[in-house]
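A short worksheet on the structure shown next.
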Amino acid sequence: MDIKIIPLPAEKMKAKIADASQLGFGKHFTDRMLMVEWKTGQGWCDARIEPYAPFVLDPACLVFHYAQEIFEGLKAYKWADGRVALFRPEMNARRFNQSGDRLCMPPVPEELFLKGIEQLVALEQEWIPTAPGTSLYIRPTMIAVDPVLGVKPADHYYFYVILSPVGPYYAAGFNPVSIMVEDHYVRAVPGGTGEAKTGGNYASSLKAGLEAKHKGFDQVLWLDGRERRYIEEVGAMNMFFVYGDKIVTAALNGSILSGVTRDSVIKLAPTLGCQVEERLIDVNDLMTDIRSGKVTEAFGSGTAAVITPVGKLCYKNETLQLTGGKVGGITQKLYDTLTGIQTGQLEDDFGWVRFVK
């Protein structure tokens, strides 16, 4: 499918953010956006890159009432030699369609997904910040726009992509966070939408997250929805625990998002001398292993922050410290290696980088 490029009027051009410290995360957006529509009986049509602008949507649109919506998150990096790199975008394209299938939304052809993002990023590459820890965050989204009050799959969808120049996800930078194990609220259950990247999963996590912050913690560590016993995700990230030279993470079970960074950690760890084990992690056993010193480090992984070290973990009013509240050696090595590959400072031996032409 050809993508039409709609000219950007001079008056629509925004001022670039010169000071990287002012970027924040997800607060600023570039001049253009990708838009493609899908209609029953017609399929994907009217692909265009147009000036970034608000939508005019009917108040009865299905997305507002029945939450038929999915999204993705990935990043673009400008390397020192001027090339623009994407990190494993094919995985995002596939996961986007897996999420769409769960919510009865039409699949976006992978070629259209990748081509649209590449053309948009190429046009907006002047927006890519180059200071350490910065990147261009890419947010593909699909929403149901039928103005019908009825619980059913829509006949009309918008697939669009917006771009945001960002700094580090955490304002404090690469420092250990404190997390509270949530044993009342649950994020998702097997058979639900936990493995889909859909807004409802995140909306339902807000209350527990706010309560954790009121208690002085940065993030919530979720337990499974059946027994409230087994470790699942932390905030919007996958969770890892280091046992000496072995890294343990929860196995994908239908309620855990299949993270791109999670998969990257699992593939990268053996090259750094670490075994990886995917299994059920009982929170009681975990606390015992932290107390005894068997667990030497803990970290979360996700696109936004890449790797987030964990310095404290609280469960049932008992707070335990890891690595003396500092960043552990394996956590640091994984972060340095992943970000090194993403930014072109280290060799990509996995073929993960895709250059924007």
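The set of residues in the range 119-131 that are touching a residue at least 60 places away in the same chain (Cβ under 8 Å) and either within 20 Å of Asp2 (Cα to Cα) or in a loop (DSSP other than H, G, I, E, B) (or both) comprises Gln119, Leu120, Val121, Ala122, Leu123, Glu124, Pro129, Ala131. The residue that is surrounded by the fewest Cβ atoms within 10 Å (Cβ to Cβ), counting only those in the range 68-99 that are more than 16 Å from the chain's Cα centre (by Cα), of a type outside the set (Asp, Glu) and outside any strand (DSSP E or B), is Gly82. Taking the criterion of being touching an Asp or Glu at 6+ places or on another chain (Cβ under 9 Å) and assigned to a loop (DSSP other than H, G, I, E, B), the residues of the range 132-152 that qualify are Val145, Asp146, Val148, Lys152. Identification of strands (runs of 3 or more DSSP E) wholly contained in the range 217-258 with 2 or more residues that are aliphatic (A, V, I, L, M), touching a residue at least 24 places away in the same chain (Cβ under 8 Å) and more than 19 Å from Lys316 (Cβ to Cβ) yields 237-243, 246-250.
For the range 111-125, the condition of being of a type in the set (Gly, Ala, Ser), in contact with a helix residue (DSSP H, G or I) (Cβ under 9 Å, 6 or more places away or on another chain) and not assigned by TED's automatic domain parsing to the domain that holds Ile256 holds for none of the residues. Within the range 90-133, the set of residues being charged (D, E, K, R) and over 20 Å from Met13 (Cβ atoms) comprises Glu90, Arg94, Arg95, Asp101, Arg102, Glu110, Glu111, Lys115, Glu118. Residues that are part of a loop (DSSP other than H, G, I, E, B) and touching a residue at least 60 places away in the same chain (Cβ under 8 Å) were ranked within the range 26-41; the one that is surrounded by the most Cβ atoms within 10 Å (Cβ to Cβ) is Thr30.
In the range 156-191, the qualifying residues are those that are modelled with pLDDT under 95 and small (Gly, Ala, Ser), and the one that is nearest to Asn97 (Cα to Cα) is Gly191. Applying the condition of being over 17 Å from the mean Cα position of the chain (by Cα) and of a type in the set (S, T, N, Q) to the range 140-186 and asking which residue is farthest from Leu34 (Cα to Cα) yields Ser178. Being charged (D, E, K, R) and under 25 Å from Pro140 (Cβ atoms) is the requirement here; does Arg187 meet it? Yes; evaluated as a whole, the condition is true for this residue. Restricted to the range 276-295, and to residues there that are among the β-branched types (Val, Ile, Thr) and in a helix (DSSP H, G or I), the residue that is surrounded by the fewest Cβ atoms within 10 Å (Cβ to Cβ) is Thr288.
The values are calculated or read from the model by the stated rules, or taken from the named source; none is laboratory data. Since this is a predicted model, take the numbers as computed values, not measurements. In this analysis, Cβ positions are derived from the backbone assuming ideal geometry, glycine residues included, and neighbour counts consider all displayed protein chains.
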